[in-house]
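Q: Quick one: the structure is below, questions incoming.
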Amino acid sequence: MTTLLFPEDTLTTYQPLAARMRPNNVDEFIGQQHLLSPGKSIREAIDKQQPHSMILWGPPGVGKTTLARIIAQACDCHFESLSAVLAGVKEIRATIEQAKYHQANSSRKTILFIDEVHRFNKAQQDAFLPHIEDGTVLFIGATTENPSFELNNALLSRARVYLLKPLTETDLVTVIDHALADKERGLGSLGIELNGSQKQMLARAGDGDARRTLNYLEVLSDMAELEDGRRVVVDEHIAQVVEESYRRFDKGGDSFYEQISALHKSVRGSSPDAALYWLTRMLDGGCDPIYIARRLTRMANEDIGLADPRALQVTLNCWDTYTRLGSPEGDLALAQAAIYLASAPKSNAVYEAFGLARKTVAEHGSLEVPLHLRNASTSLTKDLGYGKEYRYAHDEDNAFAAGENYLPESIKDEQFYFPRESGLESRIKEKMTQFRELNAKSRNKRYESKK
């Protein structure tokens, strides 16, 4: 009989296939070869019996919890596990007392495993910092979120961060094969058969997640049909099982921001195909379409601006259309806007101009409005010189008052907006260059007349 790595699992009469098929040792572990191949960091720690505090960062179903348990068993450490969702400071302290007991009575190190450690607040994270520092426990945290954003710097400095990757389709096919072949823990005794293309379908639906893949396989095992003494699975069953599943997309997690970033960069990089792909991925994953509409509107301002002013109107129309139609009809408006933005000429000149203007305002404070630009609305303000020598642009040649200054005197030569040679902005640039030349000639003429 195979000895299960997790004896507590045997206390229940039923275990999901994913729980039964957990690897018992590092050699059974599938994936993460960048960490577990001979000579790699975690494999070295196991082989040399020198575990250390670490944070395992990766998406669901890649083996974070299982790997922590394997390290504890392989290095003969006492294993304590807490879930950040359920545990508080009280539970942490009780666990630390258990660790001290084992340290005093058996000289065994204790590995304290915290699942979903990103859910701990600062006080909870601080509660076990001293015990990591003095060696009472070795800390292993599991998180699906970027540790740099979610964990205290003090905790990060005491643990190495390891990135676990989604399992490849090849990895997941191996997981399926093991489950189908294993007669003690898996489905081997049932004689279920899947052909190669069906395994690929299942692996693709698993989306990098071994737990999800095995859950699908377990459901399919109940649907398998007896045919000529064999239990076979038909393609329709696979489609039925995975039909309602969503791709990996967490509205509060890294995948959310990574895919939005990919959409934005695809638009900025003028790739309509990539923009459409990431838009579809986000919709497929359950992202709020109104959020996407808002982000597309931002892109029209930030990355296109006056190179094509129609882009802003397209995104606003898209937003309005989706609000009126909803899904799925309104999704096409989002697709149209994304493709338009990606295909439009690009300029971030407005975005940068606004940034420079804000920086100047912050640096110079409340500069006074020049007198000639003030509105002489009363006789008093007129006597004070408000509006004096103001030149009405429409009365000038080409509706342009050459040499007139519209900025506070101390920053009169500042330039914020630098149009690009892109789309409509190339014409704007040409016009602004002409006006600056006229300004320079007028000011030189005025200067010469004063000499």
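Taken together, the values in this text are just the output of simple stated rules run on the coordinates, not laboratory data. Note that the structure is predicted; figures quoted are calculated from it, not measured. A quick note on method: Cβ atoms are made from the backbone with ideal geometry, for glycine too, and the neighbour counts reach across all protein chains shown.
Q: Can you tell me the mean projection area, over all orientations, of the convex hull of region 169-242's alpha carbons? Units nm², please.
A: Reported value for the Cα convex hull: 4.3 nm².
Q: Restricting the count to DSSP beta bridges whose residues both fall in the chain, what percent are antiparallel, rounded to a multiple of 5?
A: DSSP beta bridges in the chain are roughly 10 percent antiparallel.
Q: Give me the one-decimal nm value for the distance between modelled label points at S37 and S107, 7 Å along each residue's Cα-to-Cβ direction.
A: 3.7 nm
Q: Taking just the C-alpha trace of the chain, give me its Rg and Dmax in Å.
A: 32.4, 109
Q: Net charge within 14 Å of E414 by Cβ-Cβ distance, Lys/Arg positive one each and Asp/Glu negative one each, not counting E414 itself?
A: Here the count lands on 0.
Q: Follow-up. Which entries in the list K40/K109; K165/K359; K90/K165; K382/K445; K165/K199 go over 31 Å, if you measure between the two C-alpha atoms of each?
A: Among K40/K109; K165/K359; K90/K165; K382/K445; K165/K199, the Cα-Cα distance tops 31 Å for K165/K359; K90/K165.
Q: 7 Å from Cα along Cα→Cβ at both L129 and V161: what's the point-to-point distance in nm?
A: 1.7 nm
Q: Starting from the Cα of K441, draw a straight line to each of the aspartates and glutamates and keep only those under 13 Å, dropping any in the same chain fewer than 8 residues away.
A: E404
Q: Now, a different point. Where nothing but the Cβ of Lys and Arg (+1) and of Asp and Glu (-1) is charged, how large is the charge dipole of region 368-450 around its Cα centre, in debye to the nearest 20?
A: 100 debye
Q: Taking just the alpha carbons, could you work out the radius of gyration and Dmax for region 300-415, both in angstroms?
A: Just the Cα atoms of region 300-415 yield Rg and Dmax of 21.5, 65 Å.
Q: How high is the FRET efficiency between E236 and L316 when r is their beta carbon distance and R₀ equals 30 Å, given to the nearest 0.05?
A: 0.10
Q: Just to confirm a number: summing +1 for Lys and Arg and -1 for Asp and Glu over residues other than G326 whose beta-carbon lies under 14 angstrom from that of G326, what do you get?
A: -3
Q: If you don't mind, there's one more thing I want to ask. At q = 0.20 Å⁻¹, what base-10 log of I(q)/I(0) does the Debye formula yield for region 52-190 when every alpha carbon is treated as an equal point scatterer in vacuo?
A: Ignoring solvent entirely, the Cα scatterers give -1.14.
Q: Next question, about the same structure. For the residue pair E97 and S379, what label-to-label distance in nm results when each label sits 7 Å from Cα along the Cα-to-beta-carbon direction?
A: Computed distance between label sites E97 and S379 equals 8.8 nm.
Q: Would you kindly derive the ³J(HN,Hα) couplings of region 151-160 from the backbone phi angles with the Karplus curve 6.51 cos²θ - 1.76 cosθ + 1.60 (θ = phi - 60°), listing them in order in whole Hz, with x for Gly and Pro?
A: My calculation for region 151-160 gives 10, 4, 4, 4, 6, 4, 6, 9, 9, 7 Hz in order.
Q: Further question: What residues qualify as long-range amide H neighbours of I55, i.e. H under 5 Å apart, gap of 5 or more or another chain, H built at 1.01 Å from N?
A: Under 5 Å from the amide H of I55: G141, R160, V161, Y162.
Q: Could you work out the pair-distance distribution P(r) of region 127-225 from its alpha-carbon pairs, with 10 angstrom bin width and percents rounded to whole numbers?
A: 14, 33, 18, 20, 14, 2
Q: Would you compute, from DSSP H runs of 4+ residues alone, the mean residue ellipticity of the chain at 222 nm, taking -39500 (n - 2.57) per run and dividing by the full residue count, rounded to the nearest 500?
A: Calculated at 222 nm, the ellipticity per residue is -15500 deg cm²/dmol.
Q: Given charges of +1 on the Cβ of Lys and Arg and -1 on the Cβ of Asp and Glu, with all other atoms neutral, how large is the dipole of the chain about its Cα centre, in debye to the nearest 20?
A: For this selection, approximately 1840 debye.
Q: Hey, another quick one. May I ask for the Rg/Rh ratio of region 368-450, computed from Cα atoms with Rh as the Kirkwood radius, given to two decimals?
A: 1.04
Q: Working from the alpha-carbon coordinates of region 276-347, get Rg over Rh, Rh being the Kirkwood radius.
A: 0.96
Q: Among L56, L283, L86, which comes first, second and so on when ranked by fewest other beta-carbon atoms within 10 Å?
A: With the fewest neighbours first, L56, L283, L86 line up as L86, L283, L56.
Q: For region 424-441, in order, what is each residue's ³J(HN,Hα) by Karplus, 6.51 cos²θ - 1.76 cosθ + 1.60 with θ = phi - 60°, in whole Hz (x at glycine and Pro)?
A: 4, 5, 5, 6, 4, 4, 4, 5, 5, 4, 4, 5, 5, 5, 5, 4, 4, 5
Q: On to the next question. Just need the relative contact order of the chain here, percent rounded to a whole number, with Cα pairs under 8 Å and 6+ apart.
A: For the chain, the relative contact order is 11 percent.
Q: Also, quick follow-up: Compare the Cα positions of G206, A307, Y390 along the charge dipole of the chain (+1 at Cβ of Lys, Arg; -1 at Cβ of Asp, Glu; about the Cα centre) and return the one farthest towards the positive end.
A: Y390
Q: Hey, another quick one. Give me the aspartates and glutamates in straight-line cross-link reach of K431: C-alpha distance below 15 Å, same-chain residues under 8 apart excluded.
A: By straight Cα distance, K431 reaches D397, E421.
Q: For N439 and S327 in one chain, what is 0.36 nm times their gap in residues minus the Cα-Cα distance, to one decimal in nm?
A: Result for the pair: 35.0 nm of gain on full extension.
Q: Ok, one more. When averaged across all projection directions, what area in nm² does the alpha-carbon convex hull of region 325-389 cover?
A: 9.4 nm²
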